[in-house]
Amino acid sequence: MKLSILLYLDPGTGSYIIQAIIAGVIGIAFFFKNLRIKILSFFGMLKYDDDKEKNDQSKTENKL
Amino acid sequence: MNLHPSSFRDSAGNLFYHQEQLYRGINISYKDHYDQLMTSGLYDILIKKNWIVKHAEVSLDYQHNYYKIIRPQPIPFISYPYEWCFDQLKDAAMRTLDITLIALQHDMILKDASGYNIQFEGYEALLIDTLSFEKYKEGTPWIAYRQFCENFLLPLAITSYTDLRLQSLLAIYIDGVPMDYAMSLLPWRARLSLGINLHIYLHANSITKHNKNIKSDIQVIYITKSKLVQLISHLRDTIKSLHIKNKSSQWKDYYVKDTLAEYDEAKQLEVQQMLEQCGTINKIWDMGANNGMYSRIASRYCNHVLSSDIDRYCVAQNYVLNKQHEIKNVLPLYGDLLNPSPAIGWAGQERMSWWDRVEVDVIIALAIIHHLVITHYISFEMIAKLIATKCKYLIIEFANIDDEKVKFLLQNNTNYNYHINDFLFTFEKYFIIKKHIKLNDTRALFLMQTKKQ
C-alpha cells in the first residue's frame with residue numbers, strides 16, 4: 001500500500017522525504033548490528049545493555 | 001477565563017487559568033485522539049513510569065466550549081531548555097523519544113516534540129503536553145522529526161562539540177536552533193558520526209533541496225512502522241552518544257579547591273538550624289548554588305529546592321550528583337543573576353521571565369553578595385529590595401573586608417565602600433534580623449525575615 005501525502009512548499013517536505021531515505025540507510029546499519037550481536041553472542045562475548053548504560057553514565061560523571 | 005499566553009499554537013485545545021488554577025480544555029476535534037490516549041493503556045503506562053504529568057478530568061462552567069477539561073498536576077518550578085544543563089537537555093530528548101516509541105506501540109505518535117513540552121520535577125523529565133499525541137497512521141513519517149532535531153539534537157550536538165554556553169542559543173531561537181546556523185557552528189569532525197551526518201547534514205540538505213522544488217507538490221512517501229521505530233531508535237542512539245567535553249571552569253571545583261572543610265562544616269550546621277527556625281517550608285531557592293551541596297542539605301527541610309548557578313558545568317555536576325544520590329526534590333538550573341532569563345516569545349509573554357517564575361519561602365544566598373557588590377557594582381539596596389519581594393526568609397552570608405576573597409576582589413575596586421555596617425543598615429530596611437552567627441574571623445551568617453510591606 002502506498003500513501004499519498006500532500007506536500008506543498010512546506011518546511012516539512014524535505015524532512016519527510018529524508019526520513020524514508022534515512023530509514024533505509026539505518027535498516028542496513030541495523031542488519032549489520034544484529035549480525036554482530038548474533039556473532040558475539042554465539043561466541044559468548046556479548047555485554048549486557050545495562051552494563052553499557054552504566055558505563056555511559058560513569059563516563060559523564062568522570063568528565064564532570 | 002484567562003487563556004495562558006503560550007497556548008495559541010495547538011488546535012487540539014488550550015490552557016487557561018480559572019481561580020488561579022491551570023486547566024487544559026480539549027477541543028471536540030481532538031476527541032478521538034484523547035480517547036485513544038486514555039483507553040489504549042498508553043496514559044496508564046506513562047503515568048506508571050512517571051513520564052507524563054498526571055491530570056484529573058474536571059467539570060467547570062466552560063464545559064460547553066470543550067469536549068473535556070482536565071486539570072494537570074502543578075509543576076513546582078517552571079523551567080525552560082536554555083536554563084537546563086547539558087544532561088537535562090539530553091534526558092529531556094531521550095524521554096521525548098522513549099515516549100514516542102511507547103506511543104507507537106499503542107498506535108499513537110507525538111505530533112509535537114518541542115523542548116517546552118518537557119518540565120523537570122527534580123531530575124525526572126515529564127511530558128506536560130497531554131494533547132501532543134495523535135493517532136498513528138501506518139506509513140506516515142514522523143511529523144515532529146524536524147522540530148525534535150532543532151529543539152534537541154542540534155543544541156546538544158553544538159554544545160557537545162564546541163562549548164556548553166551555546167545552549168543559551170535556545171533563548172534566542174524559541175522554535176529551536178536553525179539547521180544552517182547549527183551546521184556552521186559544528187566542527188568538521190562532527191561529520192565522522194553517522195548519526196550527525198544523517199539527522200543533521202543530510203536532513204538539512206533535503207530541506208533545502210525540496211523547498212526549492214516547486215513542482216513536487218505531491219510526493220509519495222511510505223515508511224513502515226518498523227522502519228520508523230528504527231529511525232527513532234537511531235536518533236536516540238545518536239543523542240545518547242553525545243557527552244560533555246572535559247573542560248575546566250571557574251567554579252567547577254569550588255568546594256574542592258576553594259573552601260575549608262572546617263568552615264564548611266560549621267556553615268552546614270548553621271544553615272540547617274536556621275532552616276529549622278523558618279518553620280514549614282514549601283520552596284527554597286539556593287542562588288549561586290555551585291554544585292548544589294547546600295541545596296541537597298536544604299532539600300531535607302522543604303518540598304522543593306531550586307538550585308541555580310551561573311556556571312553550566314556546576315549545574316551539570318549538581319544534576320548528576322542529585323541523580324546519583326536519588327535526591328528527587330532539587331532542580332538545578334542555569335541562572336545568571338546579572339542577566340536573568342527574560343520573557344520571550346509572542347508579545348514577550350509566551351515564556352515567563354526568571355523573576356516572574358520565582359516565588360519561594362526561603363532564599364539562600366551563600367558567598368555570593370560580595371561578588372555582586374564588588375565585582376558587578378550592584379548595591380546592597382538593589383539586592384535587598386529585589387530579594388525581599390520574593391521570599392519570607394533569607395539566609396545570607398557576609399564576608400567582611402578582611403576576608404581573603406574580598407581582599408582579592410577589592411584589588412580592582414579599591415574605591416568601593418563595602419562594609420558590614422552598610423550591609424546591615426540597608427538590609428534592615430527590608431528584613432528583621434532573626435539570627436547572626438560568626439562562622440570564622442571574617443565571615444558571618446544571617447537569618448532574616450522579610451518585613452511586611
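The values are calculated or read from the model by the stated rules, or taken from the named source; none is laboratory data. It should be emphasised that the depicted structure is a prediction, and the values quoted were computed from it without experimental measurement. Cβ placement follows ideal geometry from the backbone for every residue including glycine, while neighbour counts extend to all protein chains displayed.
Below, the figures for the structure above:
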read-out	value
Qualifying positions in the stretch B:82-123 - of a type outside the set (A, V, I, L, M, F, W, C) and part of a strand (DSSP E or B)	B:Gln119, B:Glu121
Qualifying residue in the stretch B:386-400 (condition: at pLDDT 90 or above and farther than 27 Å from B:Trp354 by Cβ)	yes
Helices (runs of 4 or more DSSP H) wholly inside the stretch B:177-290 that include at least 3 residues being within 29 Å of the chain's Cα centre (by Cα) and either at pLDDT 95 or above or of a type in the set (Gly, Ala, Ser) (or both)	B:179-185, B:225-240, B:261-277
Number of the condition not met by B:Ser29 [criteria: (1) closer than 27 Å to B:Ala157 by Cβ; (2) of a type outside the set (Asp, Glu); (3) surrounded by fewer than 15 Cβ atoms within 10 Å (Cβ to Cβ)]	(1)
Test set (1) buried (at least 17 other Cβ atoms within 10 Å of the Cβ); (2) under 29 Å from B:Pro178 (Cβ atoms); (3) away from chain A (no Cβ under 14 Å) - B:Ile75 fails condition number	(1)
Any hit, the stretch B:321-335, residues being in a loop (DSSP other than H, G, I, E, B) and either crowded, with 24+ Cβ neighbours inside 10 Å or within 14 Å of chain A (Cβ to nearest Cβ) (or both)	yes
Those residues of the stretch B:390-429 which are touching a residue at least 60 places away in the same chain (Cβ under 8 Å) and farther than 15 Å from B:Arg443 by Cβ, in sequence order	B:Lys390, B:Cys391, B:Lys392, B:Tyr393
The stretch B:344-359, residues that are among the charged types (D, E, K, R) and in a helix (DSSP H, G or I)	B:Asp356, B:Arg357
Some residue of the stretch B:174-197 being more than 26 Å from B:Val315 (Cα to Cα) and at the interface with another protein chain (Cβ under 9 Å from one of its Cβ atoms)	yes
Any chance B:Ala157 is within 11 Å of chain A (Cβ to nearest Cβ), crowded, with 17+ Cβ neighbours inside 10 Å and among the hydrophobic types (A, V, I, L, M, F, W, C)	no
Residue in the stretch B:202-221 that is touching a residue at least 12 places away in the same chain (Cβ under 8 Å), within 14 Å of chain A (Cβ to nearest Cβ) and closer than 28 Å to B:Leu15 by Cβ present	no
Residues (in a helix (DSSP H, G or I) and of a type in the set (Asp, Glu)) located in the stretch B:1-57	B:Asp32, B:Asp35, B:Asp44
Given (1) in contact with a helix residue (DSSP H, G or I) (Cβ under 9 Å, 6 or more places away or on another chain); (2) under 19 Å from B:Ser59 (Cβ atoms), index of the condition B:Lys49 fails	(2)
Test set (1) at pLDDT 50 or above; (2) within 30 Å of B:Tyr222 (Cβ to Cβ); (3) within 12 Å of chain B (Cβ to nearest Cβ) - A:Arg36 fails condition number	(3)
Hits in the stretch B:397-413 - residues which are assigned to a helix (DSSP H, G or I) and loosely packed, with under 15 Cβ neighbours inside 10 Å	B:Glu404, B:Lys407, B:Phe408
Odd one out for B:Asp44, checked against (1) touching a residue at least 12 places away in the same chain (Cβ under 8 Å); (2) surrounded by fewer than 19 Cβ atoms within 10 Å (Cβ to Cβ)	(1)
Which listed residue is in contact (Cβ under 8 Å) with a residue 40 or more places away in the chain and closer than 30 Å to B:Asn303 by Cα, from B:Ile378, B:Ile368, B:Ile374, B:Ile432	B:Ile368
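Here is a yes/no grid of residues against (1) within 29 Å of the chain's Cα centre (by Cα); (2) touching a residue at least 60 places away in the same chain (Cβ under 8 Å):
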| position | (1), (2) |
| --- | --- |
| B:Met1 | yes, yes |
| B:Ala12 | yes, yes |
| B:Tyr34 | yes, yes |
| B:Met38 | yes, no |
| B:Lys48 | yes, no |
| B:Ile52 | yes, yes |
| B:Tyr66 | no, no |
| B:Ile70 | yes, yes |
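To keep it simple, each residue is scored yes or no on (1) out of contact with any Leu (no Cβ under 8 Å at 6 or more places or on another chain); (2) over 18 Å from B:His243 (Cα atoms); (3) modelled with pLDDT of 95 or more; (4) not assigned by TED's automatic domain parsing to the domain that holds B:Trp285.
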residue: B:Leu42; (1), (2), (3), (4): yes, yes, yes, yes
residue: B:Leu46; (1), (2), (3), (4): no, yes, yes, yes
residue: B:Val53; (1), (2), (3), (4): no, yes, yes, yes
residue: B:Lys90; (1), (2), (3), (4): no, no, yes, yes
